[in-house]
Each structure stands twice: as structure tokens, then as C-alpha cells.
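Taking it in order: structure first as C-alpha cells, then the write-up.
Taken together, the values in this text are just the output of simple stated rules run on the coordinates, not laboratory data. Because the structure is a prediction, the values reported are computed rather than measured. Here the Cβ positions follow ideal geometry from the backbone for every residue, glycine too, while neighbour counts run over all protein chains shown.
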Amino acid sequence: MFLDLSKLFGKPKKSKDFAKERLKLVLIHDRANVSPQFLEMVKGEIIKVISNYMDVDEDALDIKMTRTKAEEGDGVVPALVANIPIRKVKNSGK
């Protein structure tokens, strides 16, 4: 689930802007060779691991593929970007 703050602040996006954004995401997924199902599997695994240490808001969790500049060379590589809202940290063993 993605919270679009442009609806609260600033002018709302037009349908063409949403379509353009979706197309970008589809192209990124294709170039990274991952399906939406694979991304959901990764999301589930991340939730499972992080939940051992923190209480997270799964409904507000946002994981997506994007592109970023490679550390070496001039290329662009896929990147997994995760926004994980944390409700509280569980007993940290202190």
C-alpha cells in the first residue's frame, strides 16, 4: 500500500502520471528479472525476519524495485527500496 501525499499536499496527480509511474515500475521489474510474485515473496521474508526484532506496521510497508547508479562504473543497477514503519523495538537484550 502506498500513501500518496500529493493528495494531501499540492495538486493531485493526473491519471497519465499514475500510468507513467506504473510503466516505470514494470520496466524496472522486467530489467531486474523479478516478477511481482517474487517481490511479494521477498516482502514476506523481510517481514518474517524483522518481526523477530521489531513490531512493524505491515499494512504501511512499502517495498519496490528501482534503479540506482552503480558504485563502480557508469552503469545503473536495480535496487530494492524498503520503507518499513516500526511501531516498537522488541526486547533488545539489554
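Rounded to the nearest 0.05, what FRET efficiency do SER15 and LYS69 have when you use their Cβ-Cβ distance and R0 = 35 Å?
Numbers: r = 30 Å, r/R0 = 0.87.
So the FRET efficiency works out to roughly 0.70.
What's log10 of I(q)/I(0) for region 14-89 at q = 0.17, 0.19, 0.20 Å⁻¹, Debye sum over Cα points only, no solvent?
Here the Debye-derived log intensity ratios amount to -0.79, -0.91, -0.96.
Using a 10 Å cut-off around each Cβ, can you sort MET41, MET54 from fewest to most neighbouring Cβ atoms?
Numbers: MET41 12, MET54 15.
So the residues, fewest neighbours to most, are MET41, MET54.
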